[in-house]
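Colleague: Just dropping this structure here.
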Amino acid sequence: MKTIRSGASRREALRGAVLIGLGGLTGCVGGSSPPPPRKFYLSVPSEPPPGLTPVDWSLVVEPPQTIPALNTNRIAQAFGSNEFDYYAEGEWGDRAPAMVQALIIRSFQTSGAIDVVANERQRLRPDFMLNTSLAPFFARGALGEPPAVLVGLDAQLVQARGRETIGTRSFDASVQAASADLTAIVAAFDDATHQVLGELIPWTLTTGDTVWAGPSS
């Protein structure tokens, strides 16, 4: 998996995404009503990344930023650099940014390396804040063929006191789906997200510990 130091160009390229809402994956017009879409969720990795060193500081994970085309509970497929559609037969159980935020928090919690990690709504006065940008987060490939699933997070770790950025890094993963079936595509999303989390968690803990000097007096 390739790690990129700066994700600005990726975000800028995706900002111009055009949604296409007719035909394609979104179903047909007329006839009987289609069945309701199935709900899918991504899982927390069953095993934490190896070699984590416990830390004494607290962390707030902010909601990931993303482009409008991905700020939805619909499962996106990209046909090119500026053309998206969505699978009609299934959707995420929550909007993609909220789902990924919850996954990040739960992954930190289950890692056993940090005691206090929360979202921005829990009125925690943290030592650090983790800001992320989610893109890409879609399947890419021709209709009816097994797509590649792409997941990317641009991360920024900020020291809460003084709002100083102490580290930035981008994490990307691509996983080929085993088939064109939506269940296999969601499994590829799960695998790709686990790869990204497997690098994000240790990077965040190590980066925070490089400047942590204990609580302010």
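The values are calculated or read from the model by the stated rules, or taken from the named source; none is laboratory data. These numbers come from a predicted model, not from an experiment. Backbone-built Cβ (ideal geometry, glycine too); neighbour counts: all protein chains shown.
Colleague: For the stretch 142-167, what are the residues that are farther than 17 Å from residue 84 by Cβ and either in a strand (DSSP E or B) or within 14 Å of the chain's Cα centre (by Cα) (or both)?
Modeller: Correct list: 153, 154, 155, 156, 157, 158, 159, 164, 165, 166, 167.
Colleague: Given the conditions (1) modelled with pLDDT under 50; (2) over 22 Å from residue 149 (Cβ atoms), report the number of the one that residue 18 does not fulfil.
Modeller: Going through (1) modelled with pLDDT under 50; (2) over 22 Å from residue 149 (Cβ atoms) one by one, residue 18 breaks only (2).
Colleague: If you go through the stretch 166-189 one residue at a time, how many are surrounded by 17 or more Cβ atoms within 10 Å (Cβ to Cβ) and among the charged types (D, E, K, R)?
Modeller: Adding up the residues that qualify gives 2.
Colleague: Please go through the stretch 49-94 and pick out each residue that is hydroxyl-bearing (Ser, Thr, Tyr), at pLDDT 95 or above, surrounded by fewer than 19 Cβ atoms within 10 Å (Cβ to Cβ) and out of contact with any Phe, Trp or Tyr (no Cβ under 9 Å at 6 or more places or on another chain).
Modeller: Residues satisfying the conditions do not exist here.
Colleague: A further question on this structure: Residue by residue through the stretch 111-141, note down the ones that are polar (S, T, N, Q) and outside any strand (DSSP E or B).
Modeller: 111, 122
Colleague: Could you give every pair whose Cβ atoms fall below 7 Å, whose first residue belongs to the stretch 33-61 and is touching a residue at least 60 places away in the same chain (Cβ under 8 Å), and whose second residue is among the polar types (S, T, N, Q) and exposed (fewer than 14 other Cβ atoms within 10 Å of the Cβ), counting only separations of at least 6 or pairs across chains?
Modeller: none
Colleague: Separate question: Considering the stretch 115-147 alone, what residues qualify as being surrounded by 14 or more Cβ atoms within 10 Å (Cβ to Cβ), small (Gly, Ala, Ser) and farther than 20 Å from residue 71 by Cα?
Modeller: Hits for the stretch 115-147 are 118, 141.
Colleague: Can you tell me which condition residue 154 does not meet? The list is (1) modelled with pLDDT of 95 or more; (2) surrounded by fewer than 20 Cβ atoms within 10 Å (Cβ to Cβ); (3) acidic (Asp, Glu), and all the others hold.
Modeller: Failing condition for residue 154: (2).
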